[in-house]
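The values are calculated or read from the model by the stated rules, or taken from the named source; none is laboratory data. Note that the structure is a prediction, hence the values are computed from the model and not measured. For neighbour counting, all protein chains shown are included, and Cβ atoms are generated from backbone atoms with ideal geometry for every residue, glycine included.
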Amino acid sequence: MVELSVVIPTFNRASRLRTCLEALAHQTQPAEDFEVVVVVDGSTDDTRQMLSELKLPFLLRVIEQPNQGQCAARNHGAQVASGRTLLFLDDDIIPGPDLISTHLAAHQEHSGIVGIGSLRMSIPTKADWFVRGFAQAWHEHYEHLGKNERPATWMDCYSGNLSLQRSEFLNAGGFSLDLPANFDLELGYRLEQRGLEFVYLSAAQGEHDDYKDGRKLLEETEREGQLAHELYRRHPSMLPRLFGSFWDTTPRAVALRRIFLLLNVPPWMLARLGFVFRNSARAGDLYRFLQALAYWRGVRHAAPNPMTWSQIVGRTPILMYHAFSASAEEASRYVLPVKQFARQMAWLKWRKYRVITLEEFLCYLREYRFPPAHAVIITMDDGYADNYIYAFPILRQYHFPATIFLVSQNVGGQNCWDSNGNLRGRPLLGWSDIRQMLRLGMQFGAHSRTHPQLDSASDEQLDDQVRGARIDLERKLNIPIHTFAYPYGKFNARTLKVVEEAGYWGACSVRVGMNSLKTPPFALQRIEIRGTDSLLDFVRKLEWQHDSP
């Protein structure tokens, strides 16, 4: 038995396949350590004759099958391979001399890994500006992996230069036969779910020798966007990665993207204008804009209905309030006059916002479902007595739920954590009012036990403040407490871990922005509504707020 089997599917690419095989003949790994399995997928060119005439130092096994597609060919090759390790190569990849030795050494050193080799793009001098941008982006992709700027994941799983144990591949079921594209990413996802780790192998270099013009590349990207819906149907937990990045750019780029999507402009037509910027620093920005536009155009066209598209591109604002007052004279950052609050809730009603609870929103994220379009969440920090006196009647009038975050050991007391300002000494809700609000549809979350700054607390203090607050509230209210808000909005990686391990579903920060499908549930963003905000300020924040940098 050889150590490693190289599996190469091919269809009518005799010349490229020959170049690939001849490069494999010059590997630093001894030829007796590996075999090459070429699966001829119904080729009608001179592939068979070329293979019969080649003189190679390694064992070459040629398998023929009727044309069934590259996934079926790869699966067939894996079935007949004799090596413990499989290395998948495309027939248009020219392997570097250390490609096989690098993959093989990685699997000899580690078990349960997927080896991701490096791919360089070979482009002719006649290539258009978009193709050059594509090659540059491809280079930067592997450069980031090589610098360990982020770990490799299933999103980096490209079958052109990929290795794993044969048993792992077969147990995972191989490549899906009914996906026209993204089949390698889908396999990678299943492998990750099975506990395999992805390892980038920078020395396993291959050169991709398959020229496509800009229009073809954009059409392929658009098809990937269309297939995102099918991937989500098969694997709902892919949701954040497939649909969560619509807003991951500048407000200007988002606005332009929405305009071109509305006008249904093919990205390749816009790419024709790229020659204007081909030699400028803005060429890269234009390339990224068109790539994203092509992907989202595919997503939009394949969306089952307009409502689904609205949910995909929508974001959910979480409004943050503190205290309320009957007097406009008391208006400040943290104290909102009740008349202003009434006007704001009337605006939500008039604009037909769907007011949902924070727990409901977290359920959508936890279950990998699209949150409702045009939804909004109302939260109030600290749990002041005026929440019951002034805000609660208005919320009941409009049948709007809200989540109030309580400082568990100060319930019935007053704000004693602020050293100055008009919240200092302000009365807090008592248990009887809390229970009445609870019976009438309000929800409650934890805001720690005594409102300290958690990012600087000791491990013991942190656990007491986070876990202890949940215990306090659950004992007093006899309900599960699923939500948390960080006092002063301060948190770090250690705080996030403790809150999650304490059993909460999610937590609110004071980072400014709206929440998309990929917003971390334990670092939810909010929009602070100040007592000095006019109705126009409120509308501006609600309708046009963009995430903070």
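Values for this structure:
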item	result
Selection status of MET380, assigned to a helix (DSSP H, G or I), crowded, with 17+ Cβ neighbours inside 10 Å and of a type in the set (A, V, I, L, M, F, W, C)	no
Exclusive hit being of a type in the set (Asp, Glu), in a helix (DSSP H, G or I) and within 30 Å of ALA328 (Cβ to Cβ), set ASP537, ASP472, ASP533	ASP537
Matching entry among TRP296, TRP309 (being closer than 23 Å to ILE356 by Cα, aromatic (Phe, Trp, Tyr) and either outside the structural domain of ALA485 (by TED's automatic domain parsing) or at pLDDT below 95 (or both))	TRP309
Yes/no for LYS212 being in contact (Cβ under 8 Å) with a residue 60 or more places away in the chain, farther than 29 Å from PHE370 by Cβ and either touching a Pro at 6+ places or on another chain (Cβ under 7 Å) or of a type outside the set (Ser, Thr, Tyr) (or both)	yes
In segment 89-99, residue nearest to the chain's Cα centre (by Cα) [restricted to those that are outside any strand (DSSP E or B), closer than 23 Å to HIS144 by Cβ and not hydrophobic (A, V, I, L, M, F, W, C)]	ASP90
Flag if GLU330 is at pLDDT below 95 and outside the structural domain of LEU242 (by TED's automatic domain parsing)	yes
Within segment 190-214, tally of residues that are closer than 17 Å to ARG241 by Cα and surrounded by fewer than 21 Cβ atoms within 10 Å (Cβ to Cβ)	3
Test: residue in segment 248-257 that is buried (at least 18 other Cβ atoms within 10 Å of the Cβ), assigned to a helix (DSSP H, G or I) and either over 22 Å from the mean Cα position of the chain (by Cα) or assigned by TED's automatic domain parsing to the domain that holds ARG84 (or both)	no
Those helices (runs of 4 or more DSSP H) lying entirely in segment 260-362 with at least 3 residues under 21 Å from the mean Cα position of the chain (by Cα)	283-302, 306-313
Residue match in segment 222-229 (condition: at pLDDT below 95 and basic (Lys, Arg))	no
Of the criteria (1) within 21 Å of ARG530 (Cβ to Cβ); (2) in contact (Cβ under 8 Å) with a residue 40 or more places away in the chain, which one PRO401 fails	(1)
Scope segment 100-117; condition in contact with a helix residue (DSSP H, G or I) (Cβ under 8 Å, 6 or more places away or on another chain) and in a helix (DSSP H, G or I); matching residues	ILE100, LEU104
Any chance THR102 is modelled with pLDDT under 90, of a type in the set (Ser, Thr, Tyr) and over 29 Å from SER237 (Cα atoms)	no
Flag for GLY173 being in the same structural domain as GLU192 (by TED's automatic domain parsing), on the phi > 0 side of the Ramachandran plot and free of Cβ contacts under 8 Å to residues at least 24 places away in the same chain	yes
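Table: residues versus (1) part of a helix (DSSP H, G or I); (2) over 30 Å from GLY96 (Cα atoms); (3) among the hydrophobic types (A, V, I, L, M, F, W, C).
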| residue | (1), (2), (3) |
| --- | --- |
| PRO180 | no, no, no |
| TYR189 | yes, no, no |
| GLU192 | yes, no, no |
| VAL199 | no, no, yes |
| ARG215 | yes, no, no |
| GLU220 | yes, no, no |
| ARG233 | yes, yes, no |
